[in-house]
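Here, each number is a calculation from the coordinates, and none is a lab measurement. Treat the numbers as computed from the prediction; the structure is a model and nothing was measured. Here the Cβ positions follow ideal geometry from the backbone for every residue, glycine too, while neighbour counts run over all protein chains shown.
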Amino acid sequence: MGGDGVVVIISYVCQPGKADQAVREISELIATVQRVEPDCGGIELLQQTDDPSRIMLVEQWTSREAYLGPHFQQPHILAFIERAGQFLVEPPVITFWRAGGAA
């Protein structure tokens, strides 16, 4: 990942008994994002082994601005945010990272 690229870490907490639904919904969202958003360089979904209700996404984006701007205006993101209350405890925690040694 070069240039202004950024790694976005997103942490979700699922409602009790809703982890499978959350993984399904998030996986569908990932497929759409990777298909239609050119600023996204890949997304990995991780589920905590000791607590499957905790889900983390590791996303590669061209820039923080691309993630916070155009990405959040996409119809598939807005629709996901509307549905998320059905299976998530709270809004996700979103943090931005860079590769070690990057200026």
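Below is a table of values for the structure above.
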| read-out | value |
| --- | --- |
| Using distinct alpha-carbon pairs, which all enter the 1/r mean, Kirkwood radius of the range 45-103 in Å | 13.7 |
| Nearest 10 degrees, 0 to 90: helix 75-84 Cα axis against the chain principal axis | 40 |
| Relative contact order for the chain, counting Cα pairs under 8 Å that sit 6 or more residues apart, in percent | 45 |
| Cβ charges +1 (Lys, Arg) and -1 (Asp, Glu), total dipole of the chain, debye | 20 |
| Evaluated at q = 0.23, 0.30 Å⁻¹: base-10 log I(q)/I(0), Debye formula over Cα of the range 21-65 | -0.82, -1.09 |
| Amide proton proximity set for residue 15, modelled H, under 5 Å, gap of 5+ | 88, 89 |
| 15 Å reach of a label modelled at residue 18, 7 Å along Cα-to-Cβ, counting backbone N of the range 59-93 | 80-93 |
| Chain lengthening between residue 74 and residue 50 when straightened (0.36 nm per residue, less Cα-Cα) | 5.3 nm |
| Rg/Rh for the chain, where both radii come from Cα atoms and Rh is the Kirkwood radius | 0.97 |
| Local net charge near residue 46, Cβ-Cβ under 13 Å (Lys/Arg +1, Asp/Glu -1) | -3 |
| Stokes-Einstein D (µm²/s) once Rh is taken as the Kirkwood radius of the range 1-40 over alpha-carbon pairs, at 4 °C in 1.567 mPa s | 106 |
